[in-house]
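J.: Sharing a structure here in structure tokens format.
The values are calculated or read from the model by the stated rules, or taken from the named source; none is laboratory data. Predicted, not measured: the structure shown is a model, and the values here were computed from it. Here the Cβ positions follow ideal geometry from the backbone for every residue, glycine too, while neighbour counts run over all protein chains shown. For accessibility, only protein heavy atoms count, side chains too; no ligands or nucleic acids. Shrake-Rupley method; radii C 1.70, N 1.55, O 1.52, S 1.80 Å.
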Amino acid sequence: MQTNSWVPLFPEQASTFAWQVDALYFYLILISIGFTIPIVVVIFFFFVRYREKEKFMTGAEIHGSIALETVWSIIPFIISMTIFLGGAIVYYNQYNPPTDSMEVYVVGKQWMWKFQHSTGQREINELHIPVGRNVKLTMTTEDVLHDVYIPAFRTKADVIPGRYTTLWFNATKPGKYHLYCAEYCGLNHSGMGGYVYVMEQRDFDNWLAGNESGQTPVQAGQDLFQNKLGCASCHEGGASQRGAKLEGIYGHEVKLTNGQTVIADDEYIRNSILNPGSQIVEGYQPIMPTFKGQVTEEQLVSLVAYIKSLSGNTSGTTMTKPAATPTMTGGTMTGSSMTNSNSTTAPRANRGDTNSQGSNPNAPPPTGEPTNQQQR
Ligand code: CUA
């Protein structure tokens, strides 16, 4: 392992907040040493100094000392507050992705990482990113808990079934860095890893150009919305509109029938697709059927990206906005138009299976099985 960090034995520092994490860690180590050594020394000194010199001696009575007690309360208080502040600063930096971040979608499954760039390129167990750019990962999983961990970037976050979590970083040095799954997730957990390739911007542009992008998440989402799932038949403006209007809602407050107000974020959109009855927008009837089991996590990510794009939110990508008034085919939402062409429930990976293409028909063929060569 490369260890050109200024703290001995630490992994390489390759992100903007790596030094902050190391500094905090180093500070904790120093405090631990600073307390451990004097305590051990004093223990041994007292062994000798106050050993029992003759049987049944009584010790001198002590009546306390306000000054001493104040000192040993205030000093640890100050030290613990510095640890708290340091931790809070690092936490705040790591969990507030800058708004100009380049977005990458991540879906974990037993036992592989699937990445998709907002320009459409897909990768498995590899992630190519440009150096010096803010990169935000929006992550979920098809099956169990996983955890994205990139030691050189000093960052990790759980990937949770049924939820979106985010992670961001800004890589400072071109290179190849380990990516791990840091949450025990079954038989091949230890093999669920890969590499993050940090490239100069122009190398990254070349890489992007050299990889077939297929549909971008926004385009894939638009296709699902208008054709495959038939969402447009209710959510499109006009006479047949029975569902809430989706243009411009992303990031704004939405009033619900139960009087609550929620922010229409990724999580809200996802939940509205899977549990439509749970958060109904004021003024609409609870008529939307659930799409649970009909859409894969990757399709959900695309739908969210598309609905975001209706609010002009393309997260710093260069893709073109979808047409403002998409043409609509099909009339009412009948049983048949509801049926997704691939409406089977997402199959779960079996223990015995090698990682296969999974449930997503749009996924590229696997680019090779995850190997165990990157084992720790
Ligand atoms: Cu996925 Cu451990």
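J.: With a 1.4 Å probe and every protein chain left in place, tell me how much accessible area I78 has, in Å² to the nearest 10.
T.: 100 Å²
J.: Take K173, K308 and sort them by solvent-accessible surface of the protein heavy atoms, 1.4 Å probe, largest at the top.
T.: K173, K308
J.: I want the local charge near W168. Using Cβ-Cβ distances under 13 Å, sum +1 for each Lys or Arg and -1 for each Asp or Glu among the other residues. Don't skip to the end; give the middle numbers.
T.: Numbers: positive: R133, K136, R154, K156; negative: D100, E103.
Combined, the nearby Lys, Arg, Asp and Glu give +2.
J.: Towards the positive end of the charge dipole of region 198-293, with charges on Cβ (+1 Lys, Arg; -1 Asp, Glu), say which of H252, V218, C231 has the farthest Cα.
T.: Most positive-ward Cα: C231.
J.: Just to verify a number: what accessible area does E267 come out at with the full protein assembly present, 1.4 Å probe, Å² rounded to tens?
T.: Its heavy atoms expose roughly 60 Å² to the probe.
J.: Turning to a different aspect of this structure: Heavy atoms only, probe 1.4 angstrom, no DNA, RNA or ligands counted: give me Y25, Y197 ranked by accessible area, highest first.
T.: My answer, sorted largest first, is Y25, Y197.
J.: Anything over 28 Å Cα to Cα? Flag those among K114/K173; K173/K308; K109/K292; K156/K245; K109/K176; K114/K156, in the order listed.
T.: K173/K308; K156/K245
J.: Classify region 82-209: rounded, prolate or oblate, from the alpha-carbon gyration tensor (a ≥ b ≥ c, eigenvalue square roots; a/c under 1.5 rounded; otherwise prolate if a/b is larger than b/c)?
T.: Oblate, because a/c is 1.5 or more while a/b does not exceed b/c.
J.: Separate question: Within a Cβ distance under 12 Å of F10, other residues only, what is the Lys/Arg minus Asp/Glu net charge?
T.: Every neighbour counted, the sum reads -1.
J.: Which loop trypsin sites (Lys or Arg not before Pro) in region 31-71, with loop taken from DSSP, have no more than 10 other Cβ atoms within 10 angstrom of their Cβ?
T.: Answer in residue order: R51, K53, K55.
J.: With every protein chain left in place and a probe of 1.4 Å, what is the accessible surface of I160, to the nearest 10 Å²?
T.: For I160, the solvent-accessible surface is approximately 40 Å².
J.: Report the extension gain between I39 and K176 in nm, rounded to one decimal, defined as 0.36 nm multiplied by the number of residues separating them, less their alpha carbon distance. Please report the intermediate quantities before stating the final value.
T.: Details: separation 137, 0.36 × 137 = 49.32 nm, distance 4.34 nm.
Extending this stretch completely gives an extra 45.0 nm.
J.: Test of understanding: what is the full-extension gain from I263 to A67, defined as 0.36 nm times their sequence separation minus their Cα-Cα distance?
T.: On the way: separation 196, 0.36 × 196 = 70.56 nm, distance 5.27 nm.
That pair, I263 and A67, stretches by 65.3 nm at full extension.
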